[in-house]
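Accompanying notes for the structure given below.
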Amino acid sequence: MGQLDRYCDPGKAVIITDRTIKNLLGKFFCKYRVVEIGTGEKAKTLKTVHSVYEKFLDYELDRTSFVLAVGGGIVCDVAGYVASTYLRGLPFGFIPTTLLAQTDAAIGGKNGVNFKGYKNLIGTFNQPRFVLCDLELLKTLSARELKNGFAEIIKHALIGDAFMLSYLEKEWRRAYELEGTFMEQLLFDSLKVKACIVSQDETEKGERRKLNFGHTFGHALEKIYGLKHGEAISIGMVLAARISVAKGLIDRNDMLRIEKILAHFGLPVEVGIEKDLIMDAIRKDKKREGENINFVLLNGIGNAVVLPISIEELEEMVRDMC
């Protein structure tokens with residue numbers, strides 16, 4: 001953070017952050033104009049976007065201005081969306097401050113906000129100029145917040161790197177020590193999976209859909225039960241793995257491996273499901289096309305596939321799992 005001026009001009013840049021980060025890192029922002037937004041999913045709305053636009057007007061931003069997001073996934077999503085739409089697009093960069101944001105929200109160019117409680121219904125595809133991951137910032141996080149990020153790291157292993165899953169199974173006890181070399185390797189391997197997928201399909205027409213493993217159920221659970229993103233995705237991955245077993249793509253031992261590694265990281269693997277609420281949320285999922293959902297399953301550890309599953313068939317599976 002102390003070298004921030006190397007990456008953007010304080011005279012041209014405006015920082016978007018939240019109160020928690022401003023209190024923690026505000027000493028680095030003194031040269032910059034700052035826009036503060038709220039925290040949590042309740043802040044990831046068009047109302048927040050409107051308030052940021054007003055601040056941009058007050059600051060008289062022009063097309064030479066630069067938007068810098070310093071914060072977690074909510075800050076990155078809002079800042080990326082605002083920058084992509086204000087004056088038909090301003091350049092922007094991210095300094096993600098949570099493990100979840102470093103492994104997911106800040107990487108890949110998807111920027112969006114929620115609408116009427118449904119995740120990321122409104123958004124853009126637009127790449128940041130840079131993403132700076134400072135591992136020292138992870139030491140400010142709670143154990144629960146770290147778990148949030150580890151869920152995404154495990155997801156990347158499951159969909160694209162069987163060796164990384166084996167590494168996690170062997171070394172998981174080191175995770176909460178946040179030892180530098182270990183975390184650098186873990187973050188590098190995780191981002192390599194995501195970057196490889198995104199580079200093949202930036203606007204999510206096919207290959208990139210694999211990154212949604214666990215998210216069809218996960219987003220529904222997040223909305224209904226108010227779980228943290230990583231917690232909801234953890235349960236969603238278990239449910240997706242069970243469907244993969246039912247379709248003969250993986251065996252029961254693979255499913256047990258998945259449940260075990262998630263449990264090692266303190267992530268939930270089950271929750272009481274209210275079928276009608278889950279299906280209502282799934283019907284409004286972005287991945288729905290007509291009467292089908294583009295559902296991400298595992299065809300072996302480290303290999304994801306996207307298959308269309310009808311809403312009717314999915315409802316039967318949910319009923320069986322309930």
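The values are calculated or read from the model by the stated rules, or taken from the named source; none is laboratory data. Here the structure is a predicted model, which means the values were calculated and not measured. Note that each Cβ is placed from the backbone with ideal geometry, even for glycine, and that neighbours are counted across all protein chains shown. Note: areas computed on protein heavy atoms with side chains; ligands, DNA, RNA excluded. Shrake-Rupley method; radii C 1.70, N 1.55, O 1.52, S 1.80 Å.
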request  = Select from the stretch 96-107 the residues that are assigned to a loop (DSSP other than H, G, I, E, B) and open to solvent by less than 10 Å² (accessible area, probe 1.4 Å) and write down the one among them that is nearest to ASN212 (Cα to Cα).
outcome  = ALA106
key: Unmet criterion (only one of (1) buried (at least 19 other Cβ atoms within 10 Å of the Cβ); (2) in contact (Cβ under 8 Å) with a residue 40 or more places away in the chain) for MET1   = (1)
request  = Answer yes or no as to whether ASP134 is of a type in the set (Asp, Glu) and within 25 Å of ARG209 (Cα to Cα).
outcome  = no
request  = Report the residue count in the stretch 270-305 for those that are hydrophobic (A, V, I, L, M, F, W, C) and farther than 13 Å from ILE243 by Cβ.
outcome  = 7
note = Scanning the stretch 52-67 residue by residue, those touching a residue at least 40 places away in the same chain (Cβ under 8 Å), of a type in the set (Ser, Thr, Tyr) and open to solvent by 10 Å² or more (accessible area, probe 1.4 Å) turn out to be TYR59, THR64
key: Matching entry among PHE188, PHE182 (being more than 18 Å from GLY302 (Cα to Cα), hydrophobic (A, V, I, L, M, F, W, C) and free of Cβ contacts under 8 Å to residues at least 60 places away in the same chain)   = PHE182
inquiry  = Among the residues of the stretch 205-228, are any in contact with a Pro (Cβ under 8 Å, 6 or more places away or on another chain), modelled with pLDDT of 95 or more and not charged (D, E, K, R)?
reply    = no
ask   = Considering the stretch 293-312 alone, what residues qualify as being open to solvent by 60 Å² or more (accessible area, probe 1.4 Å) and either farther than 23 Å from ALA151 by Cα or out of contact with any helix residue (DSSP H, G or I) (no Cβ under 8 Å at 6 or more places or on another chain) (or both)?
value = LEU307, PRO308, GLU312
query = Looking at this structure, is GLU177 more than 13 Å from the chain's Cα centre (by Cα), over 13 Å from PHE265 (Cβ atoms) and in contact (Cβ under 8 Å) with a residue 40 or more places away in the chain?
reply = no
ask   = From the set of residues in the stretch 217-238 that are open to solvent by 10 Å² or more (accessible area, probe 1.4 Å), in contact (Cβ under 8 Å) with a residue 60 or more places away in the chain and assigned to a helix (DSSP H, G or I), which is farthest from LEU297 (Cα to Cα)?
value = LYS223
ask   = If you scan the stretch 266-322, which residues turn out to be more than 22 Å from the chain's Cα centre (by Cα), assigned to a loop (DSSP other than H, G, I, E, B) and of a type outside the set (Gly, Ala, Ser)?
value = ILE273, GLU274, GLU291, ASN299, CYS322
query = For the stretch 68-80, does any single residue satisfy the condition of being open to solvent by less than 30 Å² (accessible area, probe 1.4 Å) and over 19 Å from the mean Cα position of the chain (by Cα)?
reply = no
message = When you scan the stretch 178-194, do you find a residue that is under 21 Å from LYS110 (Cβ atoms), open to solvent by 30 Å² or more (accessible area, probe 1.4 Å) and outside any helix (DSSP H, G or I), even just one?
response = no
remark   = If we keep only residues of the stretch 110-157 that are in a loop (DSSP other than H, G, I, E, B) and at pLDDT below 90, then the residue surrounded by the fewest Cβ atoms within 10 Å (Cβ to Cβ) is LYS116
